[in-house]
Amino acid sequence: MIAAFLGVLGLVTLGLSVASATAWRADDTLVVSAPASGSGTLVVTAPGVLEMGGSPVTVTARAHGGSKVVLAIGREHDVTAWVGADPHTVLTGLASLHAMTTTSVGAEPATAGPAPDPEGSDMWIEQATGVRTAKLTWTPVAGRWTVLAAGAGDGAAAPTVMLSWPQAVSTPWLVPGVGVGSILLLLGLAWGLRLWLQARRGGPDWHRTDTGAVPDLATAGGSMRESGAAIAPDPGLDDAPTMILTRRQMRAAAAPAPRTAPRLTLRLRGEGGERGARASSLPRTGAPAPDPAAPVAGVPAVAPAPVGTDAPTDADAPAVGAPTLTPAPIEDAPVRSRFSAGGWIPRRPSTTKAGPSTEAADGDPAAPTTPGPAASAARALPVPPVPAVKPPAAPGSRADAWRRAWGFPGEAATGPDDPVGPDADADADPPDQAQPRKDTP
Amino acid sequence: MTAPERRVLGCGGRAPRRLRSVGAAVAAGACLALAGCAPALPEPHPAAVAAVPPPALTIAQTDRLLGAIGARLTAADTALSAAGLDARLSGPALASRTAEYAVTSATAGAKGLTALQLNAQALVVPSTQEWPRTEFVVTEQPDDLTSPRLLVLQQASPRSEYTMWGWARLLPGVKMPATATPTIGSSPLPADAAGLIASPSDVVAHYADVLLNGDASAYASTFAAPDTYRASITGGRAPLAQVAAQANGTFTETYTPTPDQTYALSTADGGALVVTAMSTASALTITGASLRLPAELAAVSGGALAPDAELRNALNVTYADVVAFYVPPAGSKTLIQVLGAEHIRTSVTGS
């Protein structure tokens with residue numbers, strides 16, 4: 001729409017500016033005429049009239065009646081003397097840009113006899129004779145000069161006299177108009193072309209991505225940066241919405257990561273080496289993972305911390321988290337995020353299906369798969385692994401994670417490197433967070 | 001129709017009136033704006049009327065004029081017929097040329113035409129707005145190596161053409177006085193102009209007296225010598241006086257300036273170039289003898305006299321003369337000088 005508007009605007013501007021220099025351009029000549037009038041067959045100009053429009057002047061006379069017309073330029077006094085007492089018309093000046101003012105002199109009708117014919121007088125410095133029309137061009141020189149136009153021959157009458165001068169005509173709008181018009185037109189065309197290409201390709205050929213030093217991580221409770229908070233993962237359903245974490249969050253998440261064997265390595269600035277990229281929120285989950293806290297992971301992203309706090313009351317956790325949750329499903333969940341409507345919508349891990357089918361998540365306590373019952377089972381099961389997997393992480397790490405998540409200096413910066421339960425990581429986390437992007441396309 | 005529409009369409013409401021007044025104001029404003037944009041109309045700014053009239057003819061006009069005269073003259077010379085010659089010749093020139101055609105025809109070319117070369121060497125253009133207008137032209141030397149001619153061109157009235165009124169052969173050794181350039185023009189002087197040693201009409205009258213009386217004239221000393229023209233005139237009288245003496249007859253010759261045929265243009269030094277027409281009448285009477293009329297005289301008798309006719313009583317010959325003078329300004333010690341002259345027999349009567 002705007003493209004079309006721009007294009008039309010450009011065209012109109014172009015057209016107007018060109019027209020201003022062509023069709024609407026002022027004439028190169030100033031032309032004035034005086035119709036035949038008055039009695040007699042003679043028309044003369046007042047001194048100065050010939051020169052008033054510039055130089056040179058072109059005089060044209062058209063006969064009315066009669067067949068011969070004579071134009072002659074002579075000194076004012078000579079012309080006046082030649083005309084003598086004969087009735088004649090004097091052109092005295094301009095009435096408008098196209099007409100002249102006239103004065104009739106000697107109103108009495110011409111005496112009988114042939115009309116006076118000035119042709120051939122030695123006094124004229126320029127003269128022209130023609131049948132019905134005569135024309136001469138004269139470059140004014142110093143002095144008082146006038147033109148004498150006479151109709152001659154049978155039935156002669158005063159001719160119509162036209163004077164024309166060249167005039168300089170400027171076209172101030174041409175260049176700027178064409179420039180601006182061209183730019184507008186090109187803009188419109190370019191825009192239109194792009195739209196057309198898009199339409200042909202069937203959809204947008206690009207989409208936004210926010211990238212940067214910060215890796216995008218999806219955490220269960222994370223706020224969606226791109227799609228806005230609008231998509232708040234239903235804690236009950238899924239804890240693995242794709243999301244982007246702040247660096248701090250990531251650190252917080254990474255710190256406790258108890259397990260090693262990251263599937264994906266990320267280089268985190270400042271931390272130096274590679275890190276269990278799994279950094280994700282796993283730690284959190286990691287902690288809970290063992291215990292019923294697992295479901296906690298599903299808790300709204302924002303506050304893993306609270307979860308942590310809650311951790312003790314793991315028993316309750318199930319209540320908070322969707323009962324459906326089990327570590328297992330979590331694993332793949334993240335993998336499946338997809339793009340739609342300009343935002344990342346976390347794919348709900350159709351826990352049941354995906355979870356089990358995929359990875360070796362089975363190995364985990366999550367194994368129990370089935371969500372519903374799992375919840376209860378989870379409680380039961382997780383317990384044992386917890387201590388097994390990472391005794392250290394449990395309480396302290398959780399608190400630490402909380403602190404980090406909220407920006408408090410965490411004294412217990414645990415070595416991220418811990419090779420601890422890599423697996424736990426893998427599953428619990430949306431490890432894939434980094435992946436979603438790759439997947440989506 | 002909605003109410004507002006009705007209001008607008010109706011003519012009586014207040015709103016329309018306001019609209020109309022607003023419209024009128026807008027229109028007036030637009031007109032003013034457009035008028036402001038419109039270029040001012042050119043106005044005639046005629047040159048001031050010169051204190052001194054411009055030259056009546058430009059050089060180009062003179063050249064064109066001489067060409068026209070020359071063309072007509074050439075045509076007439078070829079036909080040895082003066083028919084149509086009056087369009088471009090007048091006064092003494094026309095009379096002289098007409099006589100020359102007759103003589104040339106009668107003598108089969110033994111007596112030829114006066115060579116007239118119409119290429120101008122110098123112009124003395126009148127600066128005037130009156131008529132008649134007279135312009136002097138000094139031509140180049142003719143092909144026969146006779147002296148250059150001083151042509152007198154004249155326009156009698158606004159609607160008449162310039163004609164060659166007369167010509168004079170410049171006398172040997174004369175020097176034309178300096179005159180204003182053609183682009184400035186020389187002011188014409190009336191026949192009774194003051195400021196000269198003698199007014200033009202007086203100069204002509206005095207010269208006629210000198211021609212008649214010779215050195216006995218009171219004015220003889222006012223004219224510079226030598227004057228080859230005067231010498232030839234007085235010298236030409238001797239043979240006829242001798243004939244008269246032999247035939248118991250008389251011989252008289254009178255010189256009469258033609259009235260109103262004296263033209264003068266001022267020179268650079270305040271003097272004047274004066275050209276006048278004059279007629280010379282020679283009257284010869286014989287008694288007891290006969291005179292055989294030469295063909296060249298019979299030719300200008302208008303057919304009244306046949307060639308070789310026997311004249312027993314009288315022979316009257318009339319000459320058309322054109323004489324040009326330089327008249328110095330008043331107070332000058334310079335003498336009046338005859339610059340040129342022409343003397344052509346134009347008519348003969350006899351019995």
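Please treat every number below as a calculation from the coordinates, not as lab data. This structure is a prediction, so every number in the text was calculated from the model and none was measured. All Cβ positions, even for glycine, are placed from backbone atoms using ideal geometry, and neighbour counts span all protein chains on display.
Please sort B:270-282, A:172-184 by packing, taking for each peptide the average over its residues of neighbouring beta carbons within 10 angstrom, highest first. The partial results should precede the final answer.
On the way: B:270-282: 23.1, A:172-184: 15.2.
The peptides rank, most packed first, as B:270-282, A:172-184.
Could you pull out which residues in the stretch B:333-351 have an amide N less than 19 Å from a spot 7 Å beyond the Cα of B:A304, following the Cα-Cβ vector?
Output list for this probe position: B:344-351.
According to a simple spin-label model (label point 7 Å from Cα along Cα-to-Cβ), what is the distance in nm between B:V52 and A:I2?
7.9
With a cut-off of 8 Å between alpha carbons and a minimum separation of six or more residues, what is the relative contact order of the stretch B:161-267 in percent? Could you put the intermediate results ahead of the total?
Numbers: 77 pairs, mean separation 41.1, N = 107.
Once normalised by length, the contact order is 38 percent.
How shielded is B:41-52 by partner chains, expressed as the average number of their Cβ atoms within 10 Å of its Cβ atoms? Write out the running numbers ahead of the final one.
Values: counts 9, 13, 5, 13, 5, 12, 10, 2, 4, 3, 0, 0.
Mean shielding count: 6.
Highest mean first, how do A:48-57, A:1-10 rank when packing is the count of other Cβ atoms within 10 Å averaged over residues? Mind dumping the intermediate values first?
Details: A:48-57: 20.9, A:1-10: 14.8.
Averaged packing, sorted descending, gives the order A:48-57, A:1-10.
Would you kindly state how much longer the chain becomes between A:T22 and A:T103 on full extension, computed as 0.36 nm times their sequence separation minus their alpha carbon distance, in nm to one decimal?
Details: separation 81, 0.36 × 81 = 29.16 nm, distance 3.70 nm.
Contour length minus the Cα-Cα distance gives 25.5 nm.
Once you list every other residue whose beta carbon is under 15 Å from the beta carbon of B:G236, what net charge do they have if Lys and Arg are +1 and Asp and Glu are -1?
Working: positive: B:R230, B:R237, B:R345; negative: B:D227, B:E253, B:E296, B:D321, B:E342.
Summing Lys/Arg as +1 and Asp/Glu as -1 gives -2.
Please compute the average number of Cβ atoms from other chains found within 10 Å of each residue's Cβ in peptide A:75-86.
Values: counts 7, 5, 8, 7, 1, 2, 6, 3, 2, 3, 0, 0.
Mean partner-chain Cβ count within 10 Å for A:75-86: 4.
Once the piece of chain linking B:S160 and B:A79 is laid out straight, how much longer is it, given 0.36 nm per residue of separation minus the C-alpha distance between them? Can you show the working numbers first?
On the way: separation 81, 0.36 × 81 = 29.16 nm, distance 2.48 nm.
Additional length available on full extension: 26.7 nm.
How far is helix B:91-106 tilted off the main Cα axis of chain B, in degrees rounded to 10, range 0 to 90?
Roughly 50 degrees between the two axes.
In peptide B:158-170, what is the residue-averaged number of other protein chain Cβ atoms found within 10 Å of each Cβ?
Numbers: counts 11, 9, 2, 4, 3, 1, 0, 0, 0, 0, 0, 0, 0.
Going residue by residue through B:158-170 and averaging, the value is 2.
Using 17 Å as the cut-off for backbone N distance, which residues of the stretch B:330-351 belong to the label zone defined by a point 7 Å from the Cα of B:S290 along Cα→Cβ?
What the label zone holds, given the 17 Å backbone N cut-off, is B:350-351.
I need the peptides A:243-251, B:147-155 ranked by packing, meaning the mean over residues of other C-beta atoms within 10 angstrom, with the highest value on top. Please report the intermediate quantities before stating the final value.
On the way: A:243-251: 21.4, B:147-155: 24.3.
Ranking, from highest mean packing down: B:147-155, A:243-251.
Mind checking the angle between helix B:59-79 and chain B's longest principal axis? C-alpha axes, 0 to 90 degrees, to the nearest 10.
The angle comes out near 50 degrees.
Given only helices, namely DSSP H runs of n ≥ 4 each adding -39500 (n - 2.57), what is the per-residue ellipticity at 222 nm of chain B, to the nearest 500 deg cm²/dmol?
On the way: 7 runs with 105 residues, N = 351.
The per-residue figure over chain B is -10000 deg cm²/dmol.
If I model a spin label at B:A110 and B:T181 as a point 7 Å from the Cα along the Cα→Cβ vector, what separation in nanometres do I get?
5.2
Please give the net charge around B:T318, taking every other residue with its beta carbon less than 12 angstrom from that of B:T318, where Lys and Arg add +1 and Asp and Glu add -1. Before the final figure, lay out the partial values.
Values: positive: B:R345; negative: B:E253, B:D321.
Net charge around B:T318: -1.
Around B:G91, what is the net charge, scoring Lys/Arg as +1 and Asp/Glu as -1 over all other residues with Cβ under 13 Å from its Cβ?
Numbers: positive: B:R88, B:R97; negative: B:D86, B:D260, B:D321, B:E342.
My count for the surroundings of B:G91 gives -2.
Over the stretch B:223-286, calculate the relative contact order: mean separation of alpha carbon pairs under 8 Å at least 6 apart, over the residue count, as a percent.
Numbers: 68 pairs, mean separation 22.1, N = 64.
Rounded, it is 35 percent for the stretch B:223-286.
Could you work out the relative contact order of the stretch A:29-166? I mean the mean sequence separation of Cα pairs under 8 Å and 6+ apart, divided by the number of residues, in percent.
Working: 403 pairs, mean separation 69.0, N = 138.
This gives 50 percent for the stretch A:29-166.
Just to verify a number: FRET efficiency for B:A216 and B:D192, C-beta to C-beta distance, R0 = 25 Å, to 0.05?
Numbers: r = 27 Å, r/R0 = 1.06.
FRET efficiency, B:A216 to B:D192: 0.40.
Estimate the FRET efficiency between A:Q167 and B:Q141 by the formula 1/(1 + (r/R0)^6), using the beta-carbon distance for r and 51 Å for R0, to the nearest 0.05. Before the final figure, lay out each step's value.
Working: r = 51 Å, r/R0 = 1.00.
According to the calculation, E is roughly 0.50.
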